[in-house]
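Take a look at the structure below.
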Amino acid sequence: MAVSVKSPPEIAAMRRAGRVVGKVLQTLANSIQAGMRTRELDLIAERELKALGAVSSFKGYRGYPSSLCVSINDEVVHGIPGERIIKNGDLVSLDFGAIVDGYHGDAALTVTVGEVGMRAQNLLRTTKGALEAGVAAARVGAHLGDISCAIQEYAESHGFSVVREYTGHGIGKAMHEDPLVPNFGRAGTGLELKAGMTFALEPMLTAGDWHTKVGTDNWVVFTADHSLAAHFEHTIALAATGAEVLTIPENGPTGG
Ligand code: MF3
Ligand code: CO
């Protein structure tokens, strides 16, 4: 399928959706505390989403029951909020998406709760760095493989593995559009990047092996070896001047 190029008004709507996502994730990151149930985070997300006049990208997507994904420690992605209590020392990934005027924004971040080990802190920092490396490689005239390669090289050079079975994606009128954006690949290969293309880049890194398995609820994804995982995601729009990160609470002069 063809990869869509968005018009300036479409990008403007995605900027509004991205800002909502950035704000809600910021509120969640500021709210998270040991002793909370993951369901409480979902309630905060729903309340903020409503206050900002937006609609969830996730709720009802292929039957997904919540507005937020909360994935803890060896959980990589798609953790359904519920009765689980967040503990001191947990590594918590929050993934959230919103629709504004028919366009989606999708982002994720990982936070530490209380005191976590050095390896977990390093994994978090490296996953964030891998996303930044991917954003930096997302330039008009470059190729999709340049993004994938930049993420993989950053992750592996810091001693971590990249999950292969889940990927980033195009995004716009639908949360998941073509193309898939793998977090591993070869520079110079794949689709040539054009101004107006919009992607969700989302490196998922593990402290062990990259293989995953799905839990009994058919949603939550674990590392197969139960090693720690972290996840960072941004929705970006390509312009001649570079990639604009859309999923931030406010847009600065450079969009970054
Ligand atoms: N950020 C995730 C993704 O891009 C969100 C999907 S969770 C779901 O796939 F619940 F909506 F499926
Ligand atoms: Co996504």
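Annotations for the structure displayed:
- With both labels modelled 7 Å from their Cα along Cα-to-Cβ, the Arg84 to His158 distance reads 2.3 nm.
- Positive contributions from Lys and Arg (+1) and negative ones from Asp and Glu (-1), summed over other residues with Cβ under 15 Å from the Cβ of Leu228, come out at -2.
- Per-residue ellipticity at 222 nm from helix content only, as computed over the chain with -39500 (n - 2.57) for each DSSP H run of at least four residues, stands at -9500 deg cm²/dmol.
- Whichever lysines have a C-alpha closer than 20 Å to that of Lys6, once near sequence neighbours (fewer than 8 apart) are set aside: Lys173, Lys194
- Tensor-based shape of segment 26-128 (alpha-carbon gyration tensor, a/c under 1.5 rounded, otherwise prolate or oblate): prolate
- GluC sites (Glu not before Pro) restricted to DSSP loop in segment 71-150 with at most 13 other C-beta within 10 Å: Glu83, Glu115
- The chain: most fluctuating residue of Gly190, Gly79, Gly117 per GNM, C-alpha cutoff 10 Å: Gly117
- Residues of the chain: accessible area per residue with a 1.4 Å probe, Å²: 42 Å²
- Oblate is the label for the chain, because the ratio a/c of its alpha-carbon gyration tensor axes (a ≥ b ≥ c) is 1.5 or higher and a/b is not greater than b/c.
- Here segment 177-256 and segment 32-92 have alpha carbon centers that stand 19 Å from each other.
- Taken as entire DSSP H runs, the helices of the chain that both span 15 Å or more between Cα atoms along their own long axis and average -0.5 or more on the Kyte-Doolittle scale are 8-31, 118-137, 144-157.
- Cα gyration tensor shape for segment 204-244, rounded if a/c is under 1.5, else prolate or oblate: prolate
- Over all other residues within a Cβ to Cβ distance under 13 Å of Glu177, the charged ones net out to -1, with Lys and Arg as +1 and Asp and Glu as -1.
- Computed accessible area, Lys87, all protein chains, 1.4 angstrom probe, square angstrom: 120 Å²
- Partner aspartates and glutamates whose Cα lies under 16 Å from the Cα of Lys87, excluding those fewer than 8 positions away in the same chain, are identified as Glu40, Asp74, Glu75, Glu115.
- For His143, neighbours were defined as the other residues whose beta-carbon sits under 13 Å from its Cβ, and their charges (Lys and Arg +1, Asp and Glu -1) total +1.
The values are calculated or read from the model by the stated rules, or taken from the named source; none is laboratory data. Fair warning: this is a prediction, and the values are worked out from it, not measured in the lab. Glycine gets a Cβ as well: all are built from the backbone with ideal geometry, and neighbour counts include every protein chain shown. When the accessible area is computed, the model is the full protein with side chains, heavy atoms only, and any ligands, DNA or RNA have been set aside. Shrake-Rupley method; radii C 1.70, N 1.55, O 1.52, S 1.80 Å.
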